[in-house]
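A short write-up of the structure that comes next.
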Amino acid sequence: MNEQEIATKIKELLCSNLGIDADALTDDIPLFSDGIGLDSIDSLEIIAAIDETFGGSMTGVGKEPFYNVKSLAAYVAAHMAN
């Protein structure tokens, strides 16, 4: 699975699990603060969904991969995707 395919899957997870409007979710929009506005509880749901979907563990990972969908996809591609 390449990074773009991973990003597409992550966007699907975010929309279905967190109720984010698909039209508002691009690869580059920040997920927290001034972007989509997610919070720390949402990050736990993101971790659980990614762990389940891609078969790894993001527990204990720093905040950098959570900046946007593009950074999450890059992290998954480098550390979790088979």
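The values are calculated or read from the model by the stated rules, or taken from the named source; none is laboratory data. Since the model is a prediction, treat every value here as computed from it, not as a measurement. Heads up, the Cβs are rebuilt from the backbone with ideal geometry, glycines too, and the neighbour counts pull from every protein chain shown. The area values use the complete protein model at the heavy-atom level, side chains included, leaving out ligands, DNA and RNA. Shrake-Rupley method; radii C 1.70, N 1.55, O 1.52, S 1.80 Å.
Being closer than 13 Å to Ile10 by Cα, of a type outside the set (A, V, I, L, M, F, W, C) and part of a helix (DSSP H, G or I) is the filter here; which residues of region 40-82 pass it?
Ser43, Glu45, Asp51, Glu52, Thr53, Pro65, Lys70, Ser71, Tyr75
Are there any pairs, at least 6 apart or on different chains, whose C-beta atoms fall under 8 Å, with the first in region 41-58 and open to solvent by 60 Å² or more (accessible area, probe 1.4 Å) and the second part of a helix (DSSP H, G or I), and if so, which?
Here the result reads Glu45/Asn17; Glu45/Leu18; Ser57/Asp51, each pair linking region 41-58 to a residue that is part of a helix (DSSP H, G or I).
Taking region 1-28 as the search range and keeping residues that are closer than 12 Å to Phe66 by Cα and of a type in the set (Asp, Glu), which one is surrounded by the most Cβ atoms within 10 Å (Cβ to Cβ)?
Top of the filtered list is Asp27.
Restricting attention to region 62-74, which residues are open to solvent by less than 40 Å² (accessible area, probe 1.4 Å), farther than 13 Å from Glu5 by Cα and in contact (Cβ under 8 Å) with a residue 12 or more places away in the chain?
If the condition is that a residue be open to solvent by less than 40 Å² (accessible area, probe 1.4 Å), farther than 13 Å from Glu5 by Cα and in contact (Cβ under 8 Å) with a residue 12 or more places away in the chain, then Phe66, Asn68 are the ones that fit.
Could you list, in sequence order, all residues of region 29-40 that are surrounded by fewer than 16 Cβ atoms within 10 Å (Cβ to Cβ) and either touching a helix residue (DSSP H, G or I) at 6+ places or on another chain (Cβ under 8 Å) or modelled with pLDDT of 95 or more (or both)?
Residues satisfying the conditions are Ile29, Pro30.
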